[in-house]
1. Can you list the strands (runs of 3 or more DSSP E) found entirely within region 107-155 that contain at least 1 residues being in contact with a Lys or Arg (Cβ under 7 Å, 6 or more places away or on another chain) and surrounded by 15 or more Cβ atoms within 10 Å (Cβ to Cβ)?
2. Can you tell me which residues in region 193-210 are open to solvent by less than 30 Å² (accessible area, probe 1.4 Å) and either farther than 19 Å from S172 by Cα or in a loop (DSSP other than H, G, I, E, B) (or both)?
3. For region 236-244, does any single residue satisfy the condition of being open to solvent by less than 10 Å² (accessible area, probe 1.4 Å) and within 11 Å of the chain's Cα centre (by Cα)?
4. Being on the phi < 0 side of the Ramachandran plot, open to solvent by less than 10 Å² (accessible area, probe 1.4 Å) and in contact with a Lys or Arg (Cβ under 9 Å, 6 or more places away or on another chain): is that true of A181 here?
5. For the structure I just gave you, tell me whether I268 is surrounded by 24 or more Cβ atoms within 10 Å (Cβ to Cβ) and within 17 Å of T321 (Cβ to Cβ).
6. Let me spell it out: the conditions are (1) more than 19 Å from Q115 (Cα to Cα); (2) buried (at least 19 other Cβ atoms within 10 Å of the Cβ), and R79 meets all of them except one. Which number is the exception?
7. From the set of residues in region 67-95 that are among the hydrophobic types (A, V, I, L, M, F, W, C) and either farther than 26 Å from V127 by Cα or part of a strand (DSSP E or B) (or both), which is nearest to the chain's Cα centre (by Cα)?
8. Applying the selection to region 211-231, what residues are within 20 Å of A72 (Cα to Cα) and open to solvent by 30 Å² or more (accessible area, probe 1.4 Å)?
Amino acid sequence: MIGHLAYAAGSPCPTFVLDAARLPRDDDALFAHLTEARRYLVSAGGAHVLKIALVEPSAHPMFDLDYRFVQALPGAPDRFDLRGSCGHSILSAVVAAARSGMLPRLVPGARIRVQVLNNGDSVVCEVDRVERDGAAFTVTFVQSAPVPFGELLPAGAPRTPLVAGADRTEVSLVASANAYAFVDARELGVPDQAALFGAGGELLGRLEALREAAADRLGWPRDGAFPKIAAVLPAEGGGIAARAVTVPGWHPSIALTGVVCLGTAVRIPGTVPWRIARENGADTGLLEIATTGGRTAVTAVTTAPGPAGAADGEGALLWATVARKSVTFQGSFVLTPLSHLQFEEVAQCLALSGAA
C-alpha cells in the first residue's frame, strides 16, 4: 500500500493519507493494519504524525471524496479515536488524493466536495491557488438543512458548569464540525491575550482536566481526543483570542474545525464566545480569531437567533466558511514490504514534515 504525507499550515502535524478501498472495512481488522502502519512511521521517525485520513472516491452523487478521520493517540501504536473530524486533515487528504490520481488534477476554481463519514459533515474545498508542491483553499462546511442552535449544544444549554480540581467554571459545549468546550480564560485567572499566549504547563493541565470533565458530562471516554477545548477572551485589536489544546499539548494555532466551531458558537446566544464577542464588537459578520500561530477568520451564516441570552431553537446554522488555508504535499512511499530504499524514502518525508 502507498501512503502519502501532506501538511496543512497551522496543523500540529502532517496527515498520513491512505486509500480506504485497500483497507479492511471491519474496524478490528482496520485497526490492526493501522497499528502496523503506525509502528512503521514511528520506526522511521514519524511518532509525531498523529492524524490519519482514509479516503476513496465517493459513490454518492453529491460528493467527490469519502473521508474518514482517525486520530492516533500517544502512548501506544494501537490507540485510536474515530469520534471526530479534522479540517486540516481534510485539506491534506484532498491534495494527496489529487496527487495519487484518485481525484482530477487541482486547478483554481475547482470545488472538491467531501463527505465526512465520522460525523456526516459536508465540506466544500474550493481551490484558490495551485503550486508545485501544494495548494490553497477556501473551505465551507455546508449544512444539508438548517441546524437549529439547540442541536448544536450537546449538553442541552449554552453554558454548562464543570468542576475539575479547584476549578469550578462554566464552559460552552458546542458541536459544529467538532465538539468543543469553550472557557473564558479570565475565569481561570488569565487576564489578557498576552498572558493567554504566554501560559505554559499549569494552564494546559487545568484545561486538560476541564476537557476530561466535559467528556464525562457527554458520556465520552476521558482518554479520547474529544471534545476539544479552547480558552478564549477578547483579542487585542478586535475579535477573539483563542488558545486551544490538541493531542498531545498546545495547538500551534487552532484546528480548522475549531475555527468553524468558534465561529458558530459566537452566533448562539448565551454561550461563552457569544458574550466575549459582544464585549469586543465582534458579534456580527466576519469573526477574526487571534492565535499563537497568527490570525485567521471565519464567517458563520445563521438564521435569526432567538431572544438575547436564550438559545431557543429559533436560530439555525446554515454554513461556515474559512479562507486562506494552504497545504504542502510532502511525499509518497510504499508501506510494505519494507525495503531499505522505501525506509529511506519515508524517513526523508518525515524529516520534511518535522520541519514544517
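1. Those strands (runs of 3 or more DSSP E) span 122-131, 134-148.
2. Q193, A199
3. Yes: one or more hits.
4. yes
5. Considered against the rule, which asks whether it is surrounded by 24 or more Cβ atoms within 10 Å (Cβ to Cβ) and within 17 Å of T321 (Cβ to Cβ), I268 comes out as no.
6. (2)
7. Ranking the qualifying residues of region 67-95, first place goes to F69.
8. The answer is E212, W220, P221, R222, D223.
The values are calculated or read from the model by the stated rules, or taken from the named source; none is laboratory data. Source: prediction; values computed, not measured. Quick reminder, even Gly has a Cβ in these numbers, built from the backbone with ideal geometry, and neighbours come from all protein chains shown. Only protein heavy atoms, including side chains, enter the accessible area calculation; ligands, DNA and RNA are left aside. Shrake-Rupley method; radii C 1.70, N 1.55, O 1.52, S 1.80 Å.
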